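Report on one structure; see the data block that follows.
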Amino acid sequence: MSSSVNDSLPIQKIQHDPQLGQLYKICFVNILFSIFTLGIHRFWGITRLRKYLVRCSMLQNDRFEYTGKGIELFRGFVKVMGVFMALWGLYFGVGYLIQHVLNMPFLMKIIDVVLAIAYVPTLFFLIYTGAYGALRYRLTKTRWRGIRFNLSGSAFSFGLFAMKRVFLNIISLGILIPTSALKKESLLINNMSYGSLKFSMNYPTHHLNKVNIVTLLLAIPTLTFSRIWYHVALRKFIYENIQLQNIRFRFTMTPGCQILLDIKAFLLLMITVGLGYPIVLQMYIKTFLDNVEIIGDLDSLKALQSQQPELTTGEGLEGVFGESLI
């Protein structure tokens, strides 16, 4: 799809109006309660923060709504931890059987070597799978005009696909990074929907190879700052090729703006010893939303409520690795 857009089409932006004092209050209470509950309250704390941030976002005078619950995050965490504990128990049980009953310690050494080799790819697979499942949960809990978003497809299949692309990126010495990123994003976008209306991302080709290679070569001498140019270009291309019926999107961030934002955030966190986190959070959300343009007549969308069931357990794997806000 061409990046050019009819200038006569209406352009909308998501407005965001949180109060810094309220953000500090929520973060302070979350930290305090998490300490008293040995970290268990974090699931309710992150939900409370999400509810506030989403409610502070508004499109065409209609506010977004987040309906997630802390108990749903906690339930997902407990389920995944139960599986991990069972696997650890199985490992130690097999180890005891092999070494002390069968008296074959050499076999256990072979098993340990195999597990060590499989550790890194398995970890990445779990991270990708967890991220997909977490995004599905957050989308089903997010509504606009009473209609919730959704993500179909298999988190397991996405994890396998992402691992395949990581392997191709490695053997191509990074040349296939843009292609892999776009394939993963298009898989996500094409599985997303707003109620009964599906998002789509289609592109015949892309122009990101040059910026990818140049910024890779400059990554070490620029302390990886050069990669910001690539990531901004990638995000621009992705947004230009997303469509929801007749609605299109545009991302207007510049590399300079992103670098300045990152430097300001880093310095603020260093100077305040982390106490400036709510300010940094607000800066990132506002800057991102200020640079996303929604092009087209939103009132023409005739979405019905999604027929997919709303999830009641969320972010199991990502809850183990640590939740992100959005």
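Before moving on, here are some points about what is shown:
- Among the criteria (1) touching a residue at least 24 places away in the same chain (Cβ under 8 Å); (2) surrounded by 17 or more Cβ atoms within 10 Å (Cβ to Cβ); (3) assigned to a helix (DSSP H, G or I); (4) of a type outside the set (Phe, Trp, Tyr), the one Ser193 does not fulfil is (3).
- Residue count for the range 138-168, restricted to those that are part of a loop (DSSP other than H, G, I, E, B), under 16 Å from the mean Cα position of the chain (by Cα) and either buried (at least 20 other Cβ atoms within 10 Å of the Cβ) or at pLDDT 95 or above (or both): 1
- Pair list, Cβ < 6 Å and 6+ apart or interchain, from the range 129-152 residues that are within 10 Å of Met192 (Cα to Cα) to residues that are assigned to a loop (DSSP other than H, G, I, E, B) and small (Gly, Ala, Ser): Asn150/Ser306
- Complete set of residues in the range 87-137 that are of a type in the set (S, T, N, Q), farther than 30 Å from Asn190 by Cα and exposed (fewer than 15 other Cβ atoms within 10 Å of the Cβ): Asn103
- Of all residues in the range 196-223 being hydrophobic (A, V, I, L, M, F, W, C) and part of a helix (DSSP H, G or I), the one that is farthest from Leu151 (Cα to Cα): Leu217
Matching residues to (1) free of Cβ contacts under 8 Å to residues at least 60 places away in the same chain; (2) more than 20 Å from Leu53 (Cβ to Cβ); (3) surrounded by 15 or more Cβ atoms within 10 Å (Cβ to Cβ):
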| residue | (1), (2), (3) |
| --- | --- |
| Thr215 | yes, yes, yes |
| Glu240 | no, yes, yes |
| Thr252 | yes, yes, no |
| Gln258 | yes, yes, yes |
| Ile263 | yes, yes, no |
| Gly274 | yes, no, no |
| Ile285 | no, no, yes |
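- Filtering the range 169-187 to residues that are crowded, with 17+ Cβ neighbours inside 10 Å, hydrophobic (A, V, I, L, M, F, W, C) and over 21 Å from Arg136 (Cα atoms) leaves Leu176, Ile177.
- Residues satisfying the stated conditions in the range 32-61, i.e. aliphatic (A, V, I, L, M), modelled with pLDDT of 95 or more and within 18 Å of the chain's Cα centre (by Cα): Leu49, Leu53, Val54
- Out of Phe64, Phe106, Phe124, Phe77, sole residue that is at pLDDT below 90 and out of contact with any Gly (no Cβ under 9 Å at 6 or more places or on another chain): Phe106
- The condition (being small (Gly, Ala, Ser) and assigned to a loop (DSSP other than H, G, I, E, B)) is satisfied by just one residue among Gly68, Gly45: Gly68.
- In summary, Thr37 fulfils each of the numbered conditions (1) among the β-branched types (Val, Ile, Thr); (2) surrounded by fewer than 18 Cβ atoms within 10 Å (Cβ to Cβ); (3) touching an Asp or Glu at 6+ places or on another chain (Cβ under 6 Å) with the single exception of condition (3).
- From the list Gly130, Gly153, Gly159, the lone residue that is among the small types (Gly, Ala, Ser), under 20 Å from Met81 (Cα atoms) and out of contact with any Asp or Glu (no Cβ under 7 Å at 6 or more places or on another chain) is Gly159.
- Scan of the range 6-42 for residues that are among the aliphatic types (A, V, I, L, M) and part of a strand (DSSP E or B), ordered by number: Ile11
- The set of residues from the range 247-265 being within 20 Å of the chain's Cα centre (by Cα) and part of a helix (DSSP H, G or I) comprises Gln258, Leu261, Asp262, Ala265.
- Cβ-Cβ distances below 7 Å connect the following pairs, each with a first residue in the range 295-313 that is in contact (Cβ under 8 Å) with a residue 40 or more places away in the chain, a second residue that is surrounded by 18 or more Cβ atoms within 10 Å (Cβ to Cβ) and assigned to a loop (DSSP other than H, G, I, E, B), and a separation of six or more residues or different chains: Ala303/Gly195; Leu304/Gly195; Gln305/Gly195; Ser306/Gly195.
The values are calculated or read from the model by the stated rules, or taken from the named source; none is laboratory data. Here the structure is a predicted model, which means the values were calculated and not measured. For neighbour counting, all protein chains shown are included, and Cβ atoms are generated from backbone atoms with ideal geometry for every residue, glycine included.
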